[in-house]
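K.L.:
Encoded as structure tokens, here's the structure I'll be asking about.
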Amino acid sequence: MSRSSSTNILDRPLGRSGGRSSDGSVVSLSAFAYIYSELVQYHQGRAASISELERRLESAGYGVGLKVLEMTAYRAKETKRETRLMSILHFVSSSVWKSLFGKAADSLERSIDHTDEFMIIDYEPIASTFVSIPPDLGQLSADAYVSGIIAGVLDGAGFSARVTAHSVNVEEGEYTKQGANAVPGLPPRKDKAVFLVKFSPEVLSRDAALER
Amino acid sequence: MSSKTQAAQAGQALWAKMPKANAELFALTYGSLVTELVRDYEDPIEVNNQLERIGHSIGVRCVDEFLSKADVAGLGLATQCGSLRDTAEVVAKCGFKMFLGANAEVGGFSPDQKSFSIYLQDNPLSTFVELPPADESVGGDDLRKLKYSNLYCGVIRGALEQVNLKVDCNIVRDTLKGDDMNEIRVELKEVLADGAGDDYKEE
């Protein structure tokens, strides 16, 4: 880490890839949870409805997503930008997830009913680890911030998409192993986070054109 | 001094046991919060107050987690601070270490032992942050008056309030403004009587 504060911030080194191995690049999960809870509380105080709150959280995450894209792409030292739909989705569900949450997303699925919809599934999303949604806010997912991050990453890469977060119950036996993010002492989570990614039509037609 | 190394070792042990999260995501999330505040309040002094208030709310809750984890680890020192000096060591060496993984130093004790400073070399909140240069021609608010890490002041004030110590915290030096390290000045105002009152005293 450069000690002289007169170095231009843009000239400072970005650090190693991965970013989890050295002590300087982790904080405790509780610290993140406290900051995130204050962010949600702040927006909740200013939003009139559930969808407005979700929109605020998503736009809070959007800017973060743009920056995360730059950092992750730089650190992965890819020499080419991703131009194909499947490759950008793989990039998001593995590289971006690994750098943000320490492990790749648990699964990436394509929707059967809609060709433009994909789902990224995370069994232990850290944003909603310590959040309980009261019944009168039923549809809200605390991971709206993360879906904003994903939308930022995809938009920055040229694949505009609408990303929403949903909490889906985990079936019996669907997921038994305790992931890297499981907090010791807490019971296993009853619901997983599903991030529904709906690409815009021009992205799909562009991808189809590239196929030929 | 033995309590100094005890606190440091305790801090290391507590840090090792905490589940971790990415520090950059943490810094970016805080940045998103500050950006939102600046957009809504515009006046940097008001933003500083809001950050302090938010920090206070965090401090009130994190002290419970800290005390319970320190207790479980068998480190009674967290509950047995005999003097402000011990409290300062515990806050800096255990508290900051456990939550942020940051190495904080204590010093600058005043002659009446009622205030001290916490020195933080690397501030996890301000990774990637740069304050815009003061620009009178723009006519906007001078964001150099913004105390970006004012959250810490609120956290320390809130946490110590829960253990009956009323303190005032200020950011004295800030690396974002060009100083060589971050310094938070903590002043003890008074030791409060037990808040619950006579009704809750055990028979």
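The values are calculated or read from the model by the stated rules, or taken from the named source; none is laboratory data. This one's a predicted model, so the numbers in the text were calculated from it and none came from an experiment. For neighbour counting, all protein chains shown are included, and Cβ atoms are generated from backbone atoms with ideal geometry for every residue, glycine included. Calculation scope for accessible area: heavy atoms of the full protein, side chains included, ligands and nucleic acids excluded. Shrake-Rupley method; radii C 1.70, N 1.55, O 1.52, S 1.80 Å.
K.L.:
Which residues among the range A:85-124 fall inside the zone where the amide N is under 15 Å from a point 7 Å beyond the Cα of A:Asp191, along Cα→Cβ?
P.N.:
A:122-124
K.L.:
Right, next: If amide hydrogens are placed 1.01 Å from N in the peptide plane, which non-local residues have theirs closer than 5 Å to the one on B:Ala21?
P.N.:
Distant-sequence amide H within range of B:Ala21: A:Val27, A:Ser28, A:Leu29.
K.L.:
Just going by the charge dipole of the range A:20-158, with Lys and Arg at +1 and Asp and Glu at -1 on Cβ, which of A:Ser49, A:Ser93, A:Thr83 is farthest out on the positive end?
P.N.:
A:Thr83
K.L.:
If you fit an axis through the alpha-carbon atoms of helix B:150-162 and take the longest principal axis of the Cα set of chain B, what angle between them do you get, 0 to 90°, nearest 10?
P.N.:
20
K.L.:
Same structure, new question: Could you run the numbers on buried accessible area between B and A, total for both chains, 1.4 angstrom probe, in Å² to the nearest 100? Write down the numbers at each step before the final one.
P.N.:
Working: alone 11570 and 13020 Å², together 21060 Å².
The buried area between B and A, both sides summed, comes to about 3500 Å².
K.L.:
May I ask you to rank A:Glu78, B:Glu183 by accessible area, largest first, using a 1.4 Å probe over the protein chains only?
P.N.:
Largest to smallest exposure gives the sequence A:Glu78, B:Glu183.
K.L.:
Compute the length gained on full extension between A:His166 and A:Ser107: take 0.36 nm times their separation in residues and subtract their Cα-Cα distance, giving the result in nm to one decimal.
P.N.:
On the way: separation 59, 0.36 × 59 = 21.24 nm, distance 1.46 nm.
Gain on extension, A:His166 to A:Ser107, equals 19.8 nm.
K.L.:
Can you tell me the alpha carbon radius of gyration of the protein assembly as shown divided by the globular rule-of-thumb value 2.2 N^0.38 Å?
P.N.:
So the protein assembly as shown has a normalised radius of gyration of 1.05.
K.L.:
Residues of the range A:86-106 that become at least 30 Å² less accessible with every protein chain present than in their own chain isolated, using 1.4 Å: which are they?
P.N.:
So the qualifying set is A:Leu100.
K.L.:
With every protein chain present, what accessible area does A:Val131 have (1.4 Å probe, heavy atoms only), rounded to the nearest 10 Å²?
P.N.:
Rounded to the nearest 10, that gives 60 Å².
K.L.:
Enumerate the calculated ³J(HN,Hα) couplings along the range A:128-142 in order (Karplus 6.51 cos²θ - 1.76 cosθ + 1.60, θ = phi - 60°), each rounded to whole Hz, writing x wherever the residue is Gly or Pro.
P.N.:
Calculated HN-Hα couplings, in order: 9, 4, 10, 10, 10, 8, x, x, 7, 10, x, 7, 6, 10, 5 Hz.
K.L.:
Any chance you could look up the accessible area of B:Lys189 with a 1.4 Å probe, heavy atoms only, rounded to 10 Å²?
P.N.:
100
K.L.:
While we're on this one: Which one of B:Tyr41, B:Gly101, B:Leu192 has its Cα pushed farthest toward the positive end of the charge dipole of chain B, where Lys and Arg give +1 and Asp and Glu give -1 at the Cβ?
P.N.:
Highest projection toward the positive end goes to B:Gly101.
K.L.:
A further question on this structure: With a 1.4 Å probe and every protein chain kept in, tell me what percent of the accessible surface of the protein assembly as shown is carbon plus sulfur. Before the final figure, lay out the partial values.
P.N.:
Details: 10740 of 21060 Å².
Carbon-and-sulfur percentage of accessible area, whole number: 51.
K.L.:
List the residues of the range A:46-63 whose accessible area drops by at least 40 Å² when all protein chains are present, compared with their chain alone, using a 1.4 Å probe and counting only protein heavy atoms.
P.N.:
Those residues are A:Arg46.
K.L.:
With angles folded into 0 to 90 degrees, how steeply does helix B:44-72 sit against the dominant principal axis of chain B? Use alpha carbons for both and round to 10.
P.N.:
30
K.L.:
Once you place label points 7 Å from the Cα toward the Cβ at A:Phe130 and A:Asn8, how far apart are they in nm?
P.N.:
The modelled label-to-label distance comes out at 3.9 nm.
K.L.:
If pairing requires two Cys Cβ atoms under 4.7 Å apart, which cysteines of the protein assembly as shown are left without a partner?
P.N.:
B:Cys62, B:Cys81, B:Cys94
K.L.:
Here's something else I'd like to know. Of the chymotrypsin sites (Phe, Trp or Tyr not before Pro) in the range B:27-111, which ones lie in a loop per DSSP and count no more than 13 other C-beta atoms within 10 Å?
P.N.:
Values: sites: B:Tyr30, B:Tyr41, B:Phe66, B:Phe96, B:Phe99, B:Phe109; in loops: B:Phe109.
Passing both the DSSP loop test and the Cβ count: no residue.
K.L.:
For chain A, how many pairs of lysine residues have a Cα-Cα distance under 21 Å, where the two are 8 or more positions apart or belong to different chains?
P.N.:
Step by step, the pairs that qualify in chain A add up to 14.
K.L.:
So what does B:Glu161 come to for accessible area, using a 1.4 Å probe and Å² rounded to 10?
P.N.:
B:Glu161 has an accessible surface of roughly 60 Å² with all protein chains in place.
K.L.:
Determine, from the Cβ-Cβ distance of B:Val60 and A:Leu204 and an R0 of 45 Å, the FRET efficiency 1/(1 + (r/R0)^6), rounded to the nearest 0.05.
P.N.:
Numbers: r = 49 Å, r/R0 = 1.09.
Once rounded, the FRET efficiency stands at 0.35.
K.L.:
How large is the Kirkwood hydrodynamic radius of chain A, counting all unique pairs of alpha carbons, in Å?
P.N.:
Evaluated on chain A, it is 18.5 Å.
K.L.:
Taking every residue in B:27-40, how many Cβ atoms of other protein chains lie within 10 Å of its Cβ, on average?
P.N.:
Working: counts 5, 9, 11, 6, 3, 13, 8, 0, 2, 8, 1, 0, 0, 2.
If you average over the peptide's residues, the count of other-chain Cβ atoms is 5.
K.L.:
OK, next. Karplus couplings for the range B:38-43 from phi (6.51 cos²θ - 1.76 cosθ + 1.60, θ = phi - 60°), rounded to Hz, Gly and Pro as x?
P.N.:
5, 5, 7, 9, 6, 7
K.L.:
Under 10 Å, Cα contacts only: if you run a Gaussian network model on chain A, which one of A:Met119, A:Met71, A:Met86 comes out with the highest mean-square fluctuation?
P.N.:
A:Met86
K.L.:
Nearest 500 deg cm²/dmol is fine: what mean residue ellipticity at 222 nm does the protein assembly as shown get from its DSSP H runs of n ≥ 4 alone, each adding -39,500 (n - 2.57), divided by its residue count? Spell out each step's value before the answer.
P.N.:
Details: 12 runs with 167 residues, N = 415.
Taken over the protein assembly as shown, the calculation gives -13000 deg cm²/dmol.
K.L.:
State, to one decimal in nm, how far the label point of A:Ser49 lies from the label point of A:Thr79, with both points 7 Å from Cα in the Cβ direction.
P.N.:
Result for the modelled spin labels: 5.2 nm.
K.L.:
Next question, about the same structure. Roughly speaking, what is the stretch gain from B:Met181 to B:Thr35, that is 0.36 nm per residue apart minus the C-alpha to C-alpha distance, in nm to one decimal? Please list the in-between numbers first.
P.N.:
Values: separation 146, 0.36 × 146 = 52.56 nm, distance 2.33 nm.
Additional length available on full extension: 50.2 nm.
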